[in-house]
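Visitor: Supplied in structure tokens, the structure appears directly below.
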Amino acid sequence: MQQLKFGLAQPLKRREDLRFLTGRGRYVADLIPEGALWAVFLRSDHAHGEILALDATAARAMPGVHLVLTAGDLLARGVRLGMKGERITGRDGQHGRGPERPVLAQVRVRFVGEALAMVVADTPEAARDAAEMISYDIKEMEPVLHLEFQHPAIHPEAPGNLALDYVFGDEPGTEAALARSVHRVVLEVVHNRVTAAPMEPRAAFAEWDGERLHLCVNGQGVWGQRNELSRMLDLPRERVRVTNPDVGGGFGMKAMTYPEYVVLAEAARALGRSVAWVSTRTEGMLSDNAGRDLVARAELGFDADHRITGYRVNLLSNLGAYNSQFGQGIQTELFAKVLTGVYDIPVASLAARCVYTNSVPIDAYRGAGRPEAILTIERAMDHAARVLGADPVELRRKNVIRRFPHATPEGEVIDGGDFAGLLDTVAPRAAGYAGRAAASRAKGLLRGLGIAAYIEAILGSPDEIARLVLEEDGGATLYVGTQSNGQGHESVYSRFVSESTGIPQELVRVVEGDSDRIARGGGTGGSRSVTVQGTATRATVGAMIAAFEDFLAGEWEAAEVSFAEHRFVAPGTNHRITLAEAAALARERGRQDLIDRSEKITLEGRSFPNGVHLAEVEIDPETGKLTLDRYSVVDDFGVLVAPNLVEGQVHGGVAQGFGQAVTEWLVQDGSGQVVTASFMDYAMPRATDLPMIRFAEQGVPTRSNPLGMKGCGEAGTVGALGAISNAVRDALAPLGVTKVDMPFTRSRLWTWIEEARHASS
């Protein structure tokens, strides 16, 4: 494992854990002001329908009720109903469709769980009782739930429910390359729909002091939420404050703005009281933005030597009922960044279509991005190995990128890596597989081995700011633009400052998630946090030390002052002071500019973490039970930052990947009702589902940032989907099962096995 002998590359004890494990975390629900009122949302029980009537008269008369808001009430108060929804440019050069998403349904409902009204009362129980008194009449319309173009149209602006028709890459060149290929392989891959299901459901409270609005929300950044509230409530940005306290899991789902927060804010403004809302788990299953849910048709061309000549993917993606704030649902541009994976493919193209359906609010919390792209190509490569009679490892080794920097057909430049070396490290970990497979057969079980190579493109804003303030107690406060959702940012950032300055780590305070105290920031998402924020912090510390060196040179009348071993020294003199002592001198001289420093950085390019996952599964054909028996990961994260935290991130990511691959599935019935709306039905992975995960790191430092780091937050999930899927395909291949798609639940596996048995007999 590549480590430096100092600083961030050493194991790190998370200082956050003490308060988390002793129940002293400060989450939204812990911070709700005393005497706050409680909000409850009335949600549609129809997937698609026209609102004929909505009467809240009886609810308003219920005991303890202070306010009921409908779409009409919001409009009367001057609140904009339409939320922001991004669109990207499609095949015809025009933006995709842009229907309005109202924060409370006004004319139609478009998914089960869409909010119709909000009730504010003294207690949650009183609010729920009043919500049940709201009468409404919805003329039911036929729901659109499948990935196909059909009527009725969900939005008048989108005939046939086509939201976006998108193409990327060299279509003619790819077709020509595939046409002249010696071998041509086609595979369809289905990506099942999943939900984020964070430990802490969404929650928020809003306060109004007569002049300013404060929204406390468990998000992944504050500035987008502040700007959206400013726009929709017609408030200047300086009169809106948004804070994120401790957050129990984000997964991209909490990075977006949501209708509830706008309505809460208006209720607080109308009443002059604090108003709080905490989602239930079932409410989250209905109203949280979901992910995946698309079908990919992949085509790979090979020459006679089994080298890839071209690659094409056609996607059909469920956008959900509305556009998200981060692209047009499918986020095809994210998919394109890693379309070709780690392989040296001369020409490639991506054609994608998004379809509106009455199934979920937005199908884009993680988008059709890196996990979907890597799963598609790794399933296709595994299928190609079978068709070509090639070894899966050797086929990959023959086609991986070897020369760097490498310009991909998607326009990205990968500055370095050792993709072949990672394969060489992983392959021996399958040693003894033949014996294990024979032992499984002797017990009447099926065993499969799967491999998947992955690459990510670290996304999000390349800009970030850090501000460092030296305090009078000898400590420091670091203001950052990212937001921890449980990753350990406080520990990593504080140690970075301590290692760089000599200030004891326990005296370094980290402030995040407050739009009043931090001017701007990019938030957390796309594995950007430590890479971008770490670089900004490094630049800020460096600028502060350089400024102090100049200041002290003048004070000491020295030709030169340097900072070494956490002391400012002037050669040839006895001058030797710490940064804290230098700060005290600066205060005496009135030099506030020296002790309060901020720097903005912009990374020149993306970093590309990559790795290889190897999975072994065992399946009981009599019950369909799948056991993940062995799992190995070798990653390239560049220069490691806190390797124990990195390994923990990978373990969590593998668990998440196992969940989608095997147990998790957000399912609606034919009428659009969610039938997996609790943990009784939506099967989250458990600790007993996972083996010990063997982890190693072979880092090649990136040149895209001065620290040489590559992000790691999503690496476990991105690789796990393909490795587990390919292992299942390998286990079932002897039975003649050729088509497998996630999730690999017991009932599905048993059905495929029984169908294969009947077909063979």
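The values are calculated or read from the model by the stated rules, or taken from the named source; none is laboratory data. Here the structure is a predicted model, which means the values were calculated and not measured. Heads up, the Cβs are rebuilt from the backbone with ideal geometry, glycines too, and the neighbour counts pull from every protein chain shown. These area figures cover heavy atoms from the full protein model, side chains too; ligands, DNA and RNA do not enter into them. Shrake-Rupley method; radii C 1.70, N 1.55, O 1.52, S 1.80 Å.
Visitor: Can you pull out every residue in segment 404-438 that is under 28 Å from LEU732 (Cβ atoms) and not in a helix (DSSP H, G or I)?
Guide: ALA431, GLY432
Visitor: With the structure loaded, tell me whether ALA267 is over 26 Å from VAL511 (Cβ atoms) and surrounded by fewer than 24 Cβ atoms within 10 Å (Cβ to Cβ) or whether it fails that test. Working first, answer last.
Guide: On the way: over 26 Å from VAL511 (Cβ atoms): yes; surrounded by fewer than 24 Cβ atoms within 10 Å (Cβ to Cβ): no.
Answer is no for this residue.
Visitor: Identify the residue in segment 439-455 that is farther than 30 Å from ILE377 by Cβ and not in a loop (DSSP other than H, G, I, E, B) and, among all such residues, is most open to solvent (accessible area, probe 1.4 Å). Before the answer, list the steps.
Guide: Just the residues of segment 439-455 that are farther than 30 Å from ILE377 by Cβ, to begin with: 439, 441-444.
Right, trim to not in a loop (DSSP other than H, G, I, E, B) and you get 439, 441-442.
Numbers: ALA439: 51, ARG441: 157, ALA442: 90 Å².
The selected residue is ARG441.
Visitor: Now for a different question. Only one residue in PRO405, PRO371, PRO409 is buried (at least 24 other Cβ atoms within 10 Å of the Cβ), touching a strand residue (DSSP E or B) at 6+ places or on another chain (Cβ under 9 Å) and of a type outside the set (A, V, I, L, M, F, W, C). Which one? Give the steps one after another, and end with the answer.
Guide: Working: PRO405 fails: buried (at least 24 other Cβ atoms within 10 Å of the Cβ); PRO409 fails: buried (at least 24 other Cβ atoms within 10 Å of the Cβ).
Criteria check complete, one pass: PRO371.
Let's see how each residue does on (1) of a type outside the set (Phe, Trp, Tyr); (2) in a helix (DSSP H, G or I); (3) surrounded by 23 or more Cβ atoms within 10 Å (Cβ to Cβ):
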| position | (1), (2), (3) |
| --- | --- |
| GLU506 | yes, yes, no |
| GLY523 | yes, no, yes |
| THR531 | yes, yes, yes |
| GLY534 | yes, yes, yes |
| ALA539 | yes, yes, no |
| GLY542 | yes, yes, no |
| ILE545 | yes, yes, no |
| ASP550 | yes, yes, no |
| GLY554 | yes, yes, no |
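Table: residues versus (1) more than 25 Å from the chain's Cα centre (by Cα); (2) without any contact (Cβ under 8 Å) to a residue 60 or more places away in the chain.
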position: PRO462; (1), (2): no, no
position: GLU472; (1), (2): yes, no
position: HIS489; (1), (2): no, yes
position: SER494; (1), (2): no, no
position: VAL497; (1), (2): yes, yes
position: GLN505; (1), (2): yes, no
position: VAL510; (1), (2): no, yes
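Visitor: Here's something else I'd like to know. Inside segment 109-126, can you point out the residues that are within 30 Å of the chain's Cα centre (by Cα) and in a strand (DSSP E or B)?
Guide: The initial filter retains those residues of segment 109-126 that are within 30 Å of the chain's Cα centre (by Cα), namely 109-118.
Passing the criteria: VAL109, ALA115, LEU116, ALA117, MET118.
Visitor: Could you list, in sequence order, all residues of segment 254-264 that are under 21 Å from VAL79 (Cβ atoms) and either open to solvent by 10 Å² or more (accessible area, probe 1.4 Å) or in a helix (DSSP H, G or I) (or both)? I'd like the intermediate steps shown before the answer.
Guide: Narrowing segment 254-264 to residues under 21 Å from VAL79 (Cβ atoms): 256-264.
Residues satisfying the conditions are THR257, PRO259, GLU260, TYR261, VAL262, VAL263, LEU264.
Visitor: Hey, LEU69 hits all of (1) open to solvent by less than 60 Å² (accessible area, probe 1.4 Å); (2) more than 15 Å from LEU264 (Cβ to Cβ) but one; which does it fall short on?
Guide: (2)
Visitor: Also, I was wondering about something else. Taking THR602 as the residue in question, decide whether it is open to solvent by 60 Å² or more (accessible area, probe 1.4 Å), in contact with a strand residue (DSSP E or B) (Cβ under 6 Å, 6 or more places away or on another chain) and at pLDDT below 95. Give the steps one after another, and end with the answer.
Guide: Working: open to solvent by 60 Å² or more (accessible area, probe 1.4 Å): yes; in contact with a strand residue (DSSP E or B) (Cβ under 6 Å, 6 or more places away or on another chain): yes; at pLDDT below 95: yes.
In short, yes.
Visitor: Which one of these is under 30 Å from ILE401 (Cβ atoms), open to solvent by less than 10 Å² (accessible area, probe 1.4 Å) and either in contact (Cβ under 8 Å) with a residue 12 or more places away in the chain or polar (S, T, N, Q) (or both): LEU300, LEU334? Walk me through it before giving the result.
Guide: Working: LEU334 fails: open to solvent by less than 10 Å² (accessible area, probe 1.4 Å).
Answer to the check: LEU300.
Visitor: Can you find even one residue in segment 456-472 that is open to solvent by 50 Å² or more (accessible area, probe 1.4 Å), part of a helix (DSSP H, G or I) and touching a helix residue (DSSP H, G or I) at 6+ places or on another chain (Cβ under 9 Å)?
Guide: So far as segment 456-472 goes, no, none of its residues is open to solvent by 50 Å² or more (accessible area, probe 1.4 Å), part of a helix (DSSP H, G or I) and touching a helix residue (DSSP H, G or I) at 6+ places or on another chain (Cβ under 9 Å).
Visitor: Look at ARG517 and say whether it is within 15 Å of TRP223 (Cβ to Cβ) and without any contact (Cβ under 8 Å) to a residue 60 or more places away in the chain.
Guide: Working: within 15 Å of TRP223 (Cβ to Cβ): yes; without any contact (Cβ under 8 Å) to a residue 60 or more places away in the chain: yes.
It is true that ARG517 is within 15 Å of TRP223 (Cβ to Cβ) and without any contact (Cβ under 8 Å) to a residue 60 or more places away in the chain.
Visitor: Next question. Out of VAL360, VAL342, report the one residue that is touching a helix residue (DSSP H, G or I) at 6+ places or on another chain (Cβ under 8 Å) and touching a residue at least 12 places away in the same chain (Cβ under 8 Å).
Guide: Just one listed residue meets the conditions, VAL342.
Visitor: Same structure again: Which condition from (1) surrounded by fewer than 24 Cβ atoms within 10 Å (Cβ to Cβ); (2) under 22 Å from GLN94 (Cα atoms) is the one that VAL278 breaks?
Guide: With (1) surrounded by fewer than 24 Cβ atoms within 10 Å (Cβ to Cβ); (2) under 22 Å from GLN94 (Cα atoms) applied to VAL278, the lone miss is (2).
Visitor: Could you list, in sequence order, all residues of segment 644-682 that are open to solvent by less than 40 Å² (accessible area, probe 1.4 Å) and polar (S, T, N, Q)?
Guide: GLN660, THR663, GLN668, THR676, SER678
Visitor: For segment 413-433, indicate whether the set of residues that are modelled with pLDDT under 95, touching a Lys or Arg at 6+ places or on another chain (Cβ under 8 Å), open to solvent by 20 Å² or more (accessible area, probe 1.4 Å) and of a type outside the set (Lys, Arg) is non-empty.
Guide: Yes, that holds for at least one residue.
Visitor: Looking only at segment 384-398, how many residues end up being touching a helix residue (DSSP H, G or I) at 6+ places or on another chain (Cβ under 8 Å), in a helix (DSSP H, G or I) and in contact (Cβ under 8 Å) with a residue 60 or more places away in the chain?
Guide: 5
Visitor: Could you tell me whether ALA584 is hydrophobic (A, V, I, L, M, F, W, C), over 39 Å from the mean Cα position of the chain (by Cα) and either in a helix (DSSP H, G or I) or at pLDDT below 90 (or both)? Lay out the reasoning, then the answer.
Guide: Working: hydrophobic (A, V, I, L, M, F, W, C): yes; over 39 Å from the mean Cα position of the chain (by Cα): yes; either in a helix (DSSP H, G or I) or at pLDDT below 90 (or both): yes.
For ALA584, the condition - hydrophobic (A, V, I, L, M, F, W, C), over 39 Å from the mean Cα position of the chain (by Cα) and either in a helix (DSSP H, G or I) or at pLDDT below 90 (or both) - is met.
Visitor: Provide a single number: the residues in segment 44-60 that are surrounded by fewer than 19 Cβ atoms within 10 Å (Cβ to Cβ) and either of a type in the set (Lys, Arg) or touching a residue at least 40 places away in the same chain (Cβ under 8 Å) (or both).
Guide: As a first pass, look at segment 44-60 and keep what is surrounded by fewer than 19 Cβ atoms within 10 Å (Cβ to Cβ): 45, 50, 52-53, 55, 57-58, 60.
Of the ones still in play, those that are also either of a type in the set (Lys, Arg) or touching a residue at least 40 places away in the same chain (Cβ under 8 Å) (or both) are 45, 50, 52-53, 55, 58, 60.
Count: 7.
Residue-by-condition table, conditions (1) within 21 Å of THR195 (Cα to Cα); (2) open to solvent by less than 10 Å² (accessible area, probe 1.4 Å); (3) not polar (S, T, N, Q):
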site: VAL700; (1), (2), (3): no, no, yes
site: GLY708; (1), (2), (3): no, yes, yes
site: ILE724; (1), (2), (3): yes, yes, yes
site: PRO734; (1), (2), (3): no, no, yes
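Visitor: If a residue has to be open to solvent by less than 100 Å² (accessible area, probe 1.4 Å), assigned to a loop (DSSP other than H, G, I, E, B) and either acidic (Asp, Glu) or touching a strand residue (DSSP E or B) at 6+ places or on another chain (Cβ under 8 Å) (or both) to count, how many in segment 89-98 make the cut?
Guide: The qualifying residues number 2.
Visitor: Restricted to segment 596-624, and to residues that are assigned to a loop (DSSP other than H, G, I, E, B) and of a type in the set (Ser, Thr, Tyr), which residue is farthest from ARG748 (Cα to Cα)?
Guide: Going residue by residue through segment 596-624, those that are assigned to a loop (DSSP other than H, G, I, E, B) are 603-609, 620-624.
Keeping just the survivors that are of a type in the set (Ser, Thr, Tyr) gives 607, 623.
Working: SER607: 38, THR623: 10 Å.
Out of the qualifying residues, it is SER607.
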